[in-house]
Amino acid sequence: MFDFIKPPLYIRLSPYRLTVRNVKSGAFISEVPEIAVSRGLKPKVLGAGDEAAPHKSSKSAQVINPFSHPRSMVSDFIHGQQVLKAFVRKLQANHVLSPAPRMVFHLLGEPAGGFTQVEIRAFHEMALGAGASEVTLWQGPELTDEQVLSRNYPSTGQVLE
């Protein structure tokens, strides 16, 4: 109903890069999908994306890429959700009371046998946990702004459900 106020975010994810783009404004962030967390009983997020890199040599922190695993693009659900949430926050930093975005989550890569239902559900839940009001998972060619806005996706790919 109030679709016009939900910022449409186009998210492209690979184990090497996470790009979050506001289709209407053109603002985007594109960095390595890593998160730095402190070691200890109550781990604390120290930085995500490029902000995680300085912590790689620290003994009091660990840097995790939750999307890098030889068999699956989801190796750590909790940290994956935290990375996604941090990227969305970085993009919406200037908007204190931003409405929950509508996300088109583009999974890059061709896993052997395709994405499993477990992976599809994990990515969907990750996006909801990162603040999405609505999530579409896409696998296929890169989408244009018009395709994201109109929800008219090409037949050369597929919406994952």
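Every number in this text was worked out from the coordinates using simple rules, so none of it is lab data. These figures come from a predicted structure and were not determined experimentally. Heads up, the Cβs are rebuilt from the backbone with ideal geometry, glycines too, and the neighbour counts pull from every protein chain shown.
Of the residues in the stretch 38-69, how many are closer than 19 Å to Ile120 by Cβ and out of contact with any Gly (no Cβ under 8 Å at 6 or more places or on another chain)?
So the answer is 2.
Only one of Arg21, Arg71, Arg17 is over 13 Å from the mean Cα position of the chain (by Cα), basic (Lys, Arg) and within 24 Å of Glu110 (Cβ to Cβ). Can you tell me which?
Exactly one of Arg21, Arg71, Arg17 is over 13 Å from the mean Cα position of the chain (by Cα), basic (Lys, Arg) and within 24 Å of Glu110 (Cβ to Cβ), namely Arg71.
Could you list, in sequence order, the residues of the stretch 1-26 that are surrounded by fewer than 17 Cβ atoms within 10 Å (Cβ to Cβ) and either out of contact with any Phe, Trp or Tyr (no Cβ under 8 Å at 6 or more places or on another chain) or assigned to a strand (DSSP E or B) (or both)?
Met1, Phe2, Asp3, Phe4, Ile5, Tyr16, Arg17, Lys24, Ser25, Gly26, listed by residue number.
Residues Ile120, Ile78: which one is farther than 19 Å from Val63 by Cβ and of a type outside the set (Ser, Thr, Tyr)?
Exactly one of Ile120, Ile78 is farther than 19 Å from Val63 by Cβ and of a type outside the set (Ser, Thr, Tyr), namely Ile120.
When the residues of the stretch 101-117 are filtered to those that are under 18 Å from Leu18 (Cα atoms) and of a type outside the set (A, V, I, L, M, F, W, C), which remaining residue is surrounded by the most Cβ atoms within 10 Å (Cβ to Cβ)?
The qualifying residue surrounded by the most Cβ atoms within 10 Å (Cβ to Cβ) is Pro101.
Residues of the stretch 108-161 being out of contact with any helix residue (DSSP H, G or I) (no Cβ under 8 Å at 6 or more places or on another chain), small (Gly, Ala, Ser) and part of a loop (DSSP other than H, G, I, E, B), which ones?
If the condition is that a residue be out of contact with any helix residue (DSSP H, G or I) (no Cβ under 8 Å at 6 or more places or on another chain), small (Gly, Ala, Ser) and part of a loop (DSSP other than H, G, I, E, B), then Gly109, Ala112, Gly113, Gly114, Ala132, Ser133, Gly140, Ser155, Gly157 are the ones that fit.
So Val37 clears everything in (1) surrounded by fewer than 18 Cβ atoms within 10 Å (Cβ to Cβ); (2) part of a strand (DSSP E or B) except one condition, right? Which one?
Answer for Val37: the failing condition is (1).
The rows are residues; the columns are (1) in contact with an Asp or Glu (Cβ under 9 Å, 6 or more places away or on another chain); (2) not aliphatic (A, V, I, L, M).
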| residue | (1), (2) |
| --- | --- |
| Pro54 | no, yes |
| Ser57 | no, yes |
| Ala61 | no, no |
| Asn65 | yes, yes |
| Asp76 | no, yes |
| Lys85 | no, yes |
| Val88 | no, no |
| Leu91 | no, no |
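Residue by residue through the stretch 50-101, note down the ones that are part of a helix (DSSP H, G or I) and of a type in the set (S, T, N, Q).
The answer is Gln81, Gln82.
Checking the conditions here, which among Leu9, Leu18 is over 21 Å from Phe115 (Cα atoms) and not β-branched (Val, Ile, Thr)?
Leu9
Yes or no, residue by residue, for (1) without any contact (Cβ under 8 Å) to a residue 60 or more places away in the chain; (2) touching a Pro at 6+ places or on another chain (Cβ under 9 Å):
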position	(1), (2)
Ala27	no, no
Ala48	yes, yes
Ala53	yes, no
Ser58	yes, no
Pro66	yes, yes
His69	yes, yes
